[in-house]
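Undergrad: Pasting a structure below so you can have a look.
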2 protein chains.
Amino acid sequence: MRDHGGDIDTAQARFGGTDWIDLSTGINRAPYPLPSLPTEVWTALPTYAATARLLTAAGAAYQSQAPILAVAGAQAAIQLIPKLSAPARARILTPTYNEHVAALRSAGWQVDEVTTLAALEGADLAVVVNPNNPDGRSHAPEDLLRLAARVGRLVVDESFADARPDLSLASKAAQGRLVVLRSFGKFYGLAGMRLGFILGSDADIAALTEMAGPWPVSGPAIAIGTAALSDRAWAEATVARLRADVARLDGLAQSARWKLVGGTELFRLYDTQSATAAQEKLARRQIWTRMFPYSDRWLRLGLPGQPAEWDRLAAALQD
Amino acid sequence: MRDHGGDIDTAQARFGGTDWIDLSTGINRAPYPLPSLPTEVWTALPTYAATARLLTAAGAAYQSQAPILAVAGAQAAIQLIPKLSAPARARILTPTYNEHVAALRSAGWQVDEVTTLAALEGADLAVVVNPNNPDGRSHAPEDLLRLAARVGRLVVDESFADARPDLSLASKAAQGRLVVLRSFGKFYGLAGMRLGFILGSDADIAALTEMAGPWPVSGPAIAIGTAALSDRAWAEATVARLRADVARLDGLAQSARWKLVGGTELFRLYDTQSATAAQEKLARRQIWTRMFPYSDRWLRLGLPGQPAEWDRLAAALQD
């Protein structure tokens, strides 16, 4: 298993305790309130009609009329996309989420990791996470569209784009060379539900649908996803709340003399001088964070949810 | 989309009404009672520890110590298995569930449909559904083990084997040429939850785990699956109840002069002389059943659940 945030078991095993605040992921800790669910979503196979309603809600939320497929999390999309064409030469803009490279290599692709958008040009398949995880680096849609014309296929992972519709290429995904991924669980705070979307050309979505097979998404995920994606008032209020929380977290970090590297509305990346020391300092107060194998200074934090979580974080940073 | 049971929308569109009894699948209509779920199963990514507990419960329920992987339904297993090796020549014992052939062909396999176990010998990959859907035909484990030694890989789909542990090869799945699929949702009546398992050799399960990627199963499915698979008293009572219900359904069918073709504890297949007429007769009482494109006489019925469902079926058959 590759290195990930979110596995609180690891923190518990290392530091003890059970009352952990998990800030090791970019998952919203004030989740969409769970609606009550009809029994049928558990007992029956999801119907075409229910799935169609979900896709309509997702298209509206992502402001796109492109062909779209629902899968069991953005990760499921990452597993499928390498199989859209025969393995060749892929390039990925790094540092970024490690599962893209892993899934491509596992499917037989030769993958080069590059650090500029220009260096992606000419690849048979290029991957850009926009905005990027963990550093929040973002790219203008027009730059990515230009890039799309210069690669075999451009995969844009918009897992952290919910608060930045201005960055999204979802509305352009029907054009042949572009595939756009969206995560449901991060912004809506329901990562355990496993729901994500792929938008792309008719041909790509048809091929991915065939690979995913029938019923790739659970009935509860379809029902909750449809309700949540249709609730634009909640989404707008959440974006506003997250922006305020980001400013608050950056302020706390500044007091601790951590320097902001970048981030999104769901996580912040700080240069802490010593990631190990900073992680242990917070872990002693049972707050879990994310380090990266390629940096001994960077620490990534998701945003606390409830007031008590903020209090504990503030206290930990003052230790 | 291929022809399936379970899409009650189709029945509603054709015959009207909303109060349908869906007997078009082999899903238990008296499901495992849903336990209350901690919020974390929705909000957090599933932990390794939670998944490990699920796999332990599944291994115990399936009486196997073989390497095992949880996926989002037996269908997800059917999508992955064709990618375990380079496409070559597959054979499948038919008639059977149509998704095996579809997934294999889609992945580039040449698939021959055969009608005897002996005709599977020599295939690079052979598929047997045991007991079989829709006709309930079953094969002794020792016959399948003999077959396994004479094919490149033998896939045994045990989606309907919960009530027949005597038929299961799950305990032998660690040997190299055998891959065993199990469905959770059918016997436990929770098909919308999407949970299934693959048992096989270390090498095959490692490769399938890599293909499935992290977090293929939802948090609610892990929690409910662990509770249900650990509850052997419920399983034993359910097998006893299903056996009595099978006798009752066969009795009703006999009164309607339908002839039993075969079946399992979760569905029965009848020769009705005219499947179209029989299906419409029940559909007029809003009971949905399954026809097959390759037979104009066969009708498959799942078992009714609540007493009112039995009453309506009995009345419909007397029309």
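Undergrad: In the stretch B:99-140, how does Rg compare with the Kirkwood Rh, expressed as the Rg/Rh ratio over alpha carbon atoms?
TA: Working: Rg = 11.0 Å, Rh = 11.3 Å.
We get a ratio of 0.97 for the stretch B:99-140.
Undergrad: Students often get this wrong, so check it: of A:Lys186/A:Lys259; A:Lys186/B:Lys172; B:Lys83/B:Lys172, which have C-alpha atoms separated by over 32 Å?
TA: Numbers: A:Lys186/A:Lys259 24 Å; A:Lys186/B:Lys172 40 Å; B:Lys83/B:Lys172 22 Å.
Going by Cα-Cα distance, A:Lys186/B:Lys172 fall outside the 32 Å limit.
Undergrad: Convex hull over the alpha-carbon atoms of the protein assembly as shown: what's its volume per residue in Å³?
TA: Value for the protein assembly as shown: 145 Å³ per residue.
Undergrad: Take the Cα pairs of the stretch A:40-230, get the Kirkwood Rh, then feed it into Stokes-Einstein at 20 °C and 1.002 mPa s and tell me D in µm²/s. Intermediate values should be presented prior to the final figure.
TA: Numbers: Rh = 16.4 Å.
Answer from the Stokes-Einstein relation: 130 µm²/s.
Undergrad: On to the next question. Share of antiparallel DSSP beta bridges in the stretch B:40-230, in percent to the nearest 5?
TA: Working: 8 of 24 bridges.
Here the share of antiparallel DSSP bridges comes out near 35 percent.
Undergrad: Could you work out the Kirkwood radius for chain B, taking every pair of different alpha carbons, averaging 1/r and inverting it, reported in Å? Write down the numbers at each step before the final one.
TA: Details: mean 1/r = 0.0495 Å⁻¹.
Radius from the Kirkwood sum: 20.2 Å.
Undergrad: If you wrap a convex hull around the alpha carbons of the stretch B:202-243, what volume per residue comes out, as a whole number of Å³?
TA: Roughly 115 Å³ of hull volume per residue.
Undergrad: Could you work out which residue, out of A:Leu34, A:Leu54, A:Leu252, moves most in a Gaussian network model of chain A, that is, has the largest mean-square fluctuation with Cα springs under 10 Å?
TA: For chain A, modelled as a Gaussian network with Cα springs under 10 Å, the answer is A:Leu34.
Undergrad: Using a label point 7 Å beyond Cα on the Cα-Cβ vector, give me the inter-copy distances for A:Thr116 in nanometres, one decimal, shortest first.
TA: Here the equivalent label points are 6.9 nm apart from this one.
Undergrad: Give the percent of DSSP beta bridges with both residues in chain A that are antiparallel, rounded to the nearest 5.
TA: On the way: 20 of 38 bridges.
Antiparallel bridges: around 55 percent, rounded to the nearest 5.
Undergrad: What's the local net charge at A:Trp310, with K and R +1, D and E -1, over the other residues with C-beta under 11 Å away?
TA: Net charge around A:Trp310: 0.
Undergrad: Still on this structure, please answer the following. For the stretch A:1-127, what is the Kirkwood estimate of the hydrodynamic radius, computed as the reciprocal of the mean inverse distance between distinct Cα atoms, to one decimal in Å? The partial results should precede the final answer.
TA: Values: mean 1/r = 0.0544 Å⁻¹.
Result for the stretch A:1-127 stands at 18.4 Å.
Undergrad: For B:Ser295, what charge total do you get from the other residues with a beta carbon under 14 Å from its beta carbon, if Lys and Arg give +1 and Asp and Glu give -1?
TA: 0
Undergrad: Further, regarding this structure: Tell me, what ³J(HN,Hα) does each residue in the stretch A:229-236 have, in order and in whole Hz, if you take phi through Karplus 6.51 cos²θ - 1.76 cosθ + 1.60 with θ = phi - 60° and put x for Gly and Pro?
TA: Karplus values, whole Hz, x for Gly and Pro: 5, 7, 9, 6, 5, 4, 4, 5.
Undergrad: Taking the convex hull of the alpha carbon atoms in the stretch A:1-61, what volume per residue do you get, in Å³? Don't jump to the answer; show the numbers that get you there.
TA: Working: hull volume 12.1 nm³, N = 61.
Residue-normalised Cα hull volume stands at 198 Å³.
Undergrad: What order do you get for B:His4, B:His100 when you list them from fewest to most C-beta neighbours inside 10 Å?
TA: Details: B:His4 18, B:His100 25.
Fewest-to-most ranking of B:His4, B:His100: B:His4, B:His100.
Undergrad: Compute the distribution of all C-alpha to C-alpha distances in the stretch B:167-319, in bins of 10 Å from 0, and list the percent of pairs in each, rounded to whole numbers.
TA: 9, 30, 28, 22, 10, 1
Undergrad: Another question about this same structure. Antiparallel as a % of all DSSP beta bridges within the protein assembly as shown, to the nearest 5? Mind showing how you got there, number by number?
TA: Working: 40 of 76 bridges.
In the protein assembly as shown, DSSP labels about 55 percent of beta bridges as antiparallel.
Any read-out appearing in this document is the output of simple, stated calculations on the displayed coordinates, not a laboratory observation. Note that the structure is predicted; figures quoted are calculated from it, not measured. Note that each Cβ is placed from the backbone with ideal geometry, even for glycine, and that neighbours are counted across all protein chains shown.
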